[in-house]
There are 2 protein chains.
Amino acid sequence: MRVTVLAGGVGGSRFLKGVRAALRDGEPSEITAVVNTGDDMWLAGLRIAPDLDTIAYALAGVNDEERGWGRAGETMRVSEELAAFGVGWPWFTLGDLDLGTHIARTAFLHDGLPLSEATRRITARWPLGAGAASIELLPATDDEVETHVVTDDGELHFEEWWTRLRAAAPARAFVQTGVEASRPAPGVLEAIRDADVVLLAPSNPVVSIGTILGIPGIRDAVATTPAPVIGVAGIIGGAVVRGMADACLSAIGVATDAAAVARHYGPRSAGGLLDGWLVDEVDAASAAGLEADGIRTRALPLRMRDDASSVAIVRAALGLAASGSTRG
Amino acid sequence: MRVTVLAGGVGGSRFLKGVRAALRDGEPSEITAVVNTGDDMWLAGLRIAPDLDTIAYALAGVNDEERGWGRAGETMRVSEELAAFGVGWPWFTLGDLDLGTHIARTAFLHDGLPLSEATRRITARWPLGAGAASIELLPATDDEVETHVVTDDGELHFEEWWTRLRAAAPARAFVQTGVEASRPAPGVLEAIRDADVVLLAPSNPVVSIGTILGIPGIRDAVATTPAPVIGVAGIIGGAVVRGMADACLSAIGVATDAAAVARHYGPRSAGGLLDGWLVDEVDAASAAGLEADGIRTRALPLRMRDDASSVAIVRAALGLAASGSTRG
């Protein structure tokens, strides 16, 4: 079975752990994660890729569960030096172990390798799959397309807006720098086209999933793949499960509401992306109207507290995918 | 008193500690170190400046005395990560504390500051001077002029030849990449011109002092300064005190001999650089002939085992400087 997942960082990593756990005991399956790279940035000559690292660490089991990002057992020897020099990005944590990843990636890039190959080499250190389930991480693009936020005080990198400003300065718009000339990374379009099912993780619909879809060719690949496309709401009862996605949704005029996000993605029958949409039980009533729009829905508890709850969500998504008429 | 010292890394740092110790209890004095930057390099996007760091750490008292380079109490958290990723430069140590310096410097450079200003900000963290003696570190140039070594197997960066190959591949020539368009860093020519004495540290005559002198304008500034110019031999009894300077000297056809190096620098009376030259006691006889060439010499123990022996050398150099006829 081939499952392709479009994913951001923290929510994406929990969801992917659920996908892996759901498939580890079955037939051999290939999971391909198409990962948001809009948060990537250069910091003092080093290439940082927050979402790729968050997912790799979580799947490798070396992540800091408590913080939700970064490596477990992290130390701050280098960052303390930077602070002593009066240098640093207090809004962005550079742990020593994490820095190893950034320097390794930067070294690969300087050697002329594309980000997708650098990612392959970095993740080769760990087994990311489990049992019958193998996992490959693909950056959405090898090109440097960074998400910038337009605020009333100017434009800044998404990471700075999100982490330093805590998304408090109202976002007027999101810009993907250089997106026009960008292309999907090798394997991305094929992974979407050749999948048995495509899943949209409950990641930020604007700056994670939306950013992936913004790379020319990816939205069209999702809209036209023969595989069923099932999304998972990251909003429960009108509130985001984690992060500050409401600050992003309001910038693009979408309500912080599970059904509103589904309509934003749109039904495939009308040129949109979704065959199915999972909502939390509390949103069952408001999501019912989506069926009439051509989006099959299922309601179940959507909080990913542990692998078991994530597995239940993934099984529901796969069940919803299988429930549709055969396509293609 | 204004003392300007041309210096490389390890030998330069010991000599500079001697200069500082010799002047700390006297009248207020300004020591300016013009430091070799030919060993500098980019490594995975980070700018490394081995000689500047070696000198800064030594003067700040945070250096590793035993190894002779790097920070005391160093750890290798980041480098162990790099090794786990199959990345790294086993021939070049990247300690965690040291990496803090590299990242800080790179951040300053990315902010558009020249290396000299980045160095000023980095060294501002510590008091480098002592008592009545203040010290400023100036890179020889703000431009990226790197020393490459031409071997029978091709050209490589000096640091790789020196550290990875242990200078075992015969050097046919040394090249300063981009030197033609380079300029001395701000303050360098003034420090040489306005000094009361200019000292050539017992650093490598080819790839440390020679590299500094290769930056257009610096050799001429030393040759024409009104200040007396005194050099200190880094060779005792036909053997280099530390490092592998013999492998460098042979490439330029100079014998590994204190008097031969003095003749390589040349007497100022014949358009060269030296008014005086300190040799070890064992080289007193062979150096005697230099007097006839116009280079005053003095022989004394030249091994810098501790501050006391370094101070004795510096006092001899200052004495030799004062013994000449008034110039300018």
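The values are calculated or read from the model by the stated rules, or taken from the named source; none is laboratory data. Since the structure is predicted, the reported quantities are computational estimates derived from the model, not experimental observations. All Cβ positions, glycine included, derive from the backbone under ideal geometry; neighbour counts span all protein chains shown.
Before moving on, here are some points about what is shown:
- Every residue from segment A:171-201 that is within 14 Å of A:H264 (Cβ to Cβ) and crowded, with 22+ Cβ neighbours inside 10 Å: A:L200
- Output for segment A:92-113, where each listed residue is polar (S, T, N, Q) and not in a helix (DSSP H, G or I): A:T93
- Restricting attention to segment B:124-135, the residues being under 17 Å from the mean Cα position of the chain (by Cα) and either surrounded by fewer than 21 Cβ atoms within 10 Å (Cβ to Cβ) or farther than 20 Å from B:D98 by Cα (or both) number 1.
- Scanning segment A:222-239 for residues that are of a type in the set (A, V, I, L, M) and either touching a strand residue (DSSP E or B) at 6+ places or on another chain (Cβ under 7 Å) or crowded, with 21+ Cβ neighbours inside 10 Å (or both) turns up A:V222, A:A227, A:V229, A:I230, A:V232, A:A233, A:I235.
- Hey, B:R125 assigned to a helix (DSSP H, G or I) and within 12 Å of another protein chain (Cβ to nearest Cβ) or not: no
- Number of positions in segment A:91-114 that are over 21 Å from B:L94 (Cα atoms) and either out of contact with any helix residue (DSSP H, G or I) (no Cβ under 8 Å at 6 or more places or on another chain) or facing chain B (nearest Cβ under 7 Å) (or both): 2
- Single residue of segment B:304-318 satisfying the filter (surrounded by 13 or more Cβ atoms within 10 Å (Cβ to Cβ) and out of contact with any strand residue (DSSP E or B) (no Cβ under 7 Å at 6 or more places or on another chain)) that is nearest to B:L59 (Cα to Cα): B:D307
- Selection status of A:G9, touching an Asp or Glu at 6+ places or on another chain (Cβ under 6 Å), within 17 Å of B:D96 (Cβ to Cβ) and either crowded, with 23+ Cβ neighbours inside 10 Å or in contact (Cβ under 8 Å) with a residue 40 or more places away in the chain (or both): no
- Qualifying residue in segment A:165-173 (condition: away from chain B (no Cβ under 14 Å), more than 24 Å from A:T93 (Cα to Cα) and at pLDDT below 95): yes
- Of the residues making up segment B:190-204, those that are within 18 Å of B:G272 (Cβ to Cβ) and more than 9 Å from the chain's Cα centre (by Cα) are B:I192, B:R193, B:A195, B:V197, B:V198, B:L199.
- Filter result for A:E66 (of a type outside the set (K, R), at the interface with chain B (Cβ under 9 Å from one of its Cβ atoms) and farther than 24 Å from A:R121 by Cα): no
- Count of segment B:2-25 residues, restricted to those that are at pLDDT 95 or above, over 17 Å from B:V188 (Cα atoms) and aliphatic (A, V, I, L, M), is 4.
- Test: residue in segment A:140-159 that is in a helix (DSSP H, G or I) and either at positive phi or in contact with a strand residue (DSSP E or B) (Cβ under 7 Å, 6 or more places away or on another chain) (or both): yes
- Number of the condition not met by A:W162 [criteria: (1) without any contact (Cβ under 8 Å) to a residue 24 or more places away in the chain; (2) closer than 16 Å to A:G243 by Cα]: (1)
- All of B:W89, B:W69 fail the test of being at pLDDT below 95, touching a Gly at 6+ places or on another chain (Cβ under 8 Å) and at negative phi, apart from B:W69.
- Remark: B:F85 falls outside the filter, which requires a residue to be touching a residue at least 12 places away in the same chain (Cβ under 8 Å), at the interface with chain A (Cβ under 9 Å from one of its Cβ atoms) and of a type in the set (F, W, Y).
- Of all residues in segment B:279-328, those satisfying the criterion of being acidic (D, E) and modelled with pLDDT under 95 are B:E291, B:D293, B:D306, B:D307.
- Checked against (1) out of contact with any Pro (no Cβ under 8 Å at 6 or more places or on another chain); (2) modelled with pLDDT of 95 or more, B:G276 passes all but condition (1).
- Residues (in a helix (DSSP H, G or I), small (G, A, S) and either touching a strand residue (DSSP E or B) at 6+ places or on another chain (Cβ under 9 Å) or within 28 Å of B:W161 (Cβ to Cβ) (or both)) located in segment B:251-284: B:A251, B:A258, B:A259, B:A260, B:A262, B:A284
- Flag for B:G210 being surrounded by 18 or more Cβ atoms within 10 Å (Cβ to Cβ) and of a type outside the set (A, V, I, L, M, F, W, C): yes
- Here A:S286 passes the criteria (1) polar (S, T, N, Q); (2) touching a helix residue (DSSP H, G or I) at 6+ places or on another chain (Cβ under 7 Å); (3) under 25 Å from A:T225 (Cβ atoms) except the one numbered (3).
- Residues satisfying the stated conditions in segment A:241-267, i.e. touching a Ser or Thr at 6+ places or on another chain (Cβ under 9 Å) and closer than 21 Å to A:A227 by Cα: A:A262
- Qualifying position, being basic (K, R), touching a strand residue (DSSP E or B) at 6+ places or on another chain (Cβ under 9 Å) and within 14 Å of chain A (Cβ to nearest Cβ), among B:R77, B:R120: B:R120
- Residue match in segment A:142-149 (condition: within 14 Å of chain B (Cβ to nearest Cβ), surrounded by fewer than 16 Cβ atoms within 10 Å (Cβ to Cβ) and touching a residue at least 40 places away in the same chain (Cβ under 8 Å)): yes
- When each of B:A44, B:A33, B:A58, B:A22 is tested for being closer than 18 Å to A:D96 by Cα and either crowded, with 19+ Cβ neighbours inside 10 Å or not β-branched (V, I, T) (or both), the lone residue that passes is B:A44.
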